[in-house]
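Presented below is the structure to which this report refers.
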Amino acid sequence: MPGLVSVENPSHTRTQLLGTFFSEGQDQPLRKENSNGSELRNLLKRTQSPLNSILRSKPTKKIPVKVTMEEPSLDNPDLGPFLLKLARDTIASGDNPNKALDYALRASKSFERCSGPGLELAMSLHVVAAIYSRLRRFDEAISVLKRSIEVLDVGYGSDHSLAKFPGYMQLGDTYSMIGQLDRSISCYESGLKIQIEALGDLDPRVAETCRYLAEANVQAMQFDEAENFCKRTLEIHREYSSPASPEEAADRRLMALICDAKGDYESALEHLILASMVMIANGQDNEVAAIDVSIGDIYLSLCRFDEAVFAYQKALTVFKSTRGENHTSVASAYIRLADLYFQTGKLRESKSYCENALRIYSNPLPSTTAEEIASGLTEISAIYKALNESEEALNLLQKAVKILENFPGQHGTVAGIEAQMGVIFYMVGRYAEARNSFGSAITKIRANGERKSAFFGVVLNQVGLACVQLYKLSEAATLFEEAKEILEQEYGSCHLSTLGVYSNLAATYDAMGRVEDAIEILEYILKVREEKLGTANPDVDDEKKRLSELLKEAGRIRSRKGKKSLENLLDSNSHKMKKEGTKRWPRFGL
């Protein structure tokens, strides 16, 4: 009989920080100052949207302006621009954002009354949406941004078409903040299409948007699409930027990240070395150190351990001297060294570096973000799990969830951490807690609209295994069936992960008495394995024996034999999980 298979998470889910690659710019103009469209063409450069400028604004001086007016006064055509400026100044002053929202809403009403749907109304709605986002009212922000796109009519000329660009990009930013990456990418692509139509394929501003799309696709683990966008960005920058430009270095770092995720380590190393040379030429020591950490990661993947140690230690020295010994970049280098020493069997050194990193995360600098702390704790927990210290690993993951659970836009990250907790609960035999943890992760993934990702298929398979251990066979079969459909779409029916889910489903069908269904699946698994591995392979022999056993039992009473078969499956899976327990489980992330 087939044993249950724990499908591994895709190998490309290594935690990476993408913020390094985002570029900053100037605020976008909010109104059209003339009729030739030049101001609107400036909007086609991917710089800070009103969302970014408002969310990052710093207090200056208070504005003691107090405006009270009746609705009829909004018919004054001079009032809309005044109120819009007042809204932005109020945010910049650090005053009550609700007051700024009131000004911006009144401005949009004034524009709508005086000039109707058009450019001025669209730009005022962008500011309204940005303030809603600052207030964490993302649903209202999305609704307003959709309307800002709808009020523009391409029939009125190219200016209206061009003005849709900032609307699409800001809408994509907002979807990204709540973790809906598919919708975010769709909005960015719509903006890119408008930009290309106006500026051509090779404009430097198009390169910035392409890189933005590459980063978004990396976050969504769509690495082929990310690679295509990053290649376009690199080509444009090589054509129009000066040699050894910082833009080229940023492109190569992103390309290295993509190549690493796809398992092309040699190409990743080449891009990182070229990026490092550029940063050395520009005197960017901290950036060189950050690249050294990435180079160490590649050397570690290639099992070139001495070179990895040298790269990590080099980066660690720079971080300590330039940022201080309590900076999170120092903790990150400690974690890398802990991982390396674990892989080389130096467990005492590995644990020592973990403890050094934990001291930094336990007493972080004021500038440290919650995301940085949670990410660090998650990485350390993976090493503790590999060291067979499951309780400490769970404790760290629970702290990470507690830090992030109330932050909007972090549901996908929390789901990944909960899935990792579920794996550990399963490994230590706490199946009910594993099922609850996996179930919580699935709920968050469904809410984020990421129902068709390979990661979601992996999590469905894992919660199905937990349900089998709890004898919830109908629920397990439903989960395996859904995982099967997703992995067939993402990987194909012959992929090892998909075959693992097939095997789990066959085992569950057998335990439920659905012998014919189990036989059909096992026959397919045997056929694929014979084609891929050959008829003499030991795995093929195992499948033959399992199928032979089922065929002999076909047509008999299954009540007792089904229960015995399930017990054999659970025992087989228990041995398999214990055997795999000495391996380091991959980190789960979205």
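The values are calculated or read from the model by the stated rules, or taken from the named source; none is laboratory data. Computed from a prediction, not measured in an experiment: that's the story for all the values here. Note that each Cβ is placed from the backbone with ideal geometry, even for glycine, and that neighbours are counted across all protein chains shown. When the accessible area is computed, the model is the full protein with side chains, heavy atoms only, and any ligands, DNA or RNA have been set aside. Shrake-Rupley method; radii C 1.70, N 1.55, O 1.52, S 1.80 Å.
Can you work out which of the residues in segment 325-345 that are among the small types (Gly, Ala, Ser) and farther than 20 Å from residue 371 by Cα is surrounded by the fewest Cβ atoms within 10 Å (Cβ to Cβ)?
Looking at residues that are among the small types (Gly, Ala, Ser) and farther than 20 Å from residue 371 by Cα, I get 345.
Scan segment 199-235 residue by residue and report those that are closer than 20 Å to residue 166 by Cβ, among the acidic types (Asp, Glu) and open to solvent by less than 40 Å² (accessible area, probe 1.4 Å).
203, 215
Pick from 295, 335: which is among the β-branched types (Val, Ile, Thr), closer than 30 Å to residue 243 by Cα and at pLDDT 95 or above?
Being among the β-branched types (Val, Ile, Thr), closer than 30 Å to residue 243 by Cα and at pLDDT 95 or above holds for just one of 295, 335, which is 295.
Within segment 305-324, which residues are out of contact with any Leu (no Cβ under 8 Å at 6 or more places or on another chain) and open to solvent by less than 80 Å² (accessible area, probe 1.4 Å)?
307, 311, 315, 318, 319, 320, 322
Among the helices (runs of 4 or more DSSP H) lying completely within segment 348-450, list those that include at least 2 residues that are touching a Gly at 6+ places or on another chain (Cβ under 7 Å) and touching a residue at least 24 places away in the same chain (Cβ under 8 Å).
Here the list reads 411-427, 431-447.
Given the conditions (1) at pLDDT below 85; (2) under 24 Å from the mean Cα position of the chain (by Cα); (3) under 23 Å from residue 119 (Cα atoms), and given that residue 157 satisfies all but one, which numbered condition is not satisfied?
Going through (1) at pLDDT below 85; (2) under 24 Å from the mean Cα position of the chain (by Cα); (3) under 23 Å from residue 119 (Cα atoms) one by one, residue 157 breaks only (2).
Please tell me if residue 265 is surrounded by fewer than 23 Cβ atoms within 10 Å (Cβ to Cβ), modelled with pLDDT under 90 and of a type in the set (Phe, Trp, Tyr).
So residue 265 does not fit the description; no.
Please go through segment 322-331 and pick out each residue that is in contact with a Gly (Cβ under 7 Å, 6 or more places away or on another chain) and of a type in the set (Gly, Ala, Ser).
Correct list: 331 only.
Quick one: count up the residues across segment 478-534 that are over 30 Å from residue 220 (Cβ atoms), open to solvent by less than 50 Å² (accessible area, probe 1.4 Å) and touching a residue at least 24 places away in the same chain (Cβ under 8 Å).
Counting residues in segment 478-534 that are over 30 Å from residue 220 (Cβ atoms), open to solvent by less than 50 Å² (accessible area, probe 1.4 Å) and touching a residue at least 24 places away in the same chain (Cβ under 8 Å) gives 13.
Taking residue 432 as the residue in question, decide whether it is over 21 Å from residue 220 (Cα atoms), among the hydrophobic types (A, V, I, L, M, F, W, C), surrounded by fewer than 22 Cβ atoms within 10 Å (Cβ to Cβ) and at pLDDT 90 or above.
Numbers: over 21 Å from residue 220 (Cα atoms): yes; among the hydrophobic types (A, V, I, L, M, F, W, C): yes; surrounded by fewer than 22 Cβ atoms within 10 Å (Cβ to Cβ): yes; at pLDDT 90 or above: yes.
Yes; evaluated as a whole, the condition is true for this residue.
Here is a yes/no grid of residues against (1) surrounded by fewer than 20 Cβ atoms within 10 Å (Cβ to Cβ); (2) more than 20 Å from the chain's Cα centre (by Cα); (3) within 28 Å of residue 499 (Cβ to Cβ):
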site	(1), (2), (3)
390	yes, yes, no
413	no, no, no
457	no, no, yes
460	no, no, yes
470	yes, yes, yes
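Would you check if there is a residue in segment 268-281 being closer than 29 Å to residue 366 by Cβ, at pLDDT 95 or above, open to solvent by less than 70 Å² (accessible area, probe 1.4 Å) and hydrophobic (A, V, I, L, M, F, W, C)? Quick ask: steps written out before the conclusion?
Initial filter on segment 268-281 (closer than 29 Å to residue 366 by Cβ): 279.
Filter once more, so that each one left must be at pLDDT 95 or above: none.
Among the residues of segment 268-281, not one is closer than 29 Å to residue 366 by Cβ, at pLDDT 95 or above, open to solvent by less than 70 Å² (accessible area, probe 1.4 Å) and hydrophobic (A, V, I, L, M, F, W, C), which makes the answer no.
Can you pull out the residues in segment 304-324 that are touching a residue at least 12 places away in the same chain (Cβ under 8 Å) and outside any helix (DSSP H, G or I)?
324
Output the number of residues of segment 236-246 satisfying the condition of being touching a helix residue (DSSP H, G or I) at 6+ places or on another chain (Cβ under 8 Å) and either assigned to a helix (DSSP H, G or I) or surrounded by 17 or more Cβ atoms within 10 Å (Cβ to Cβ) (or both).
5
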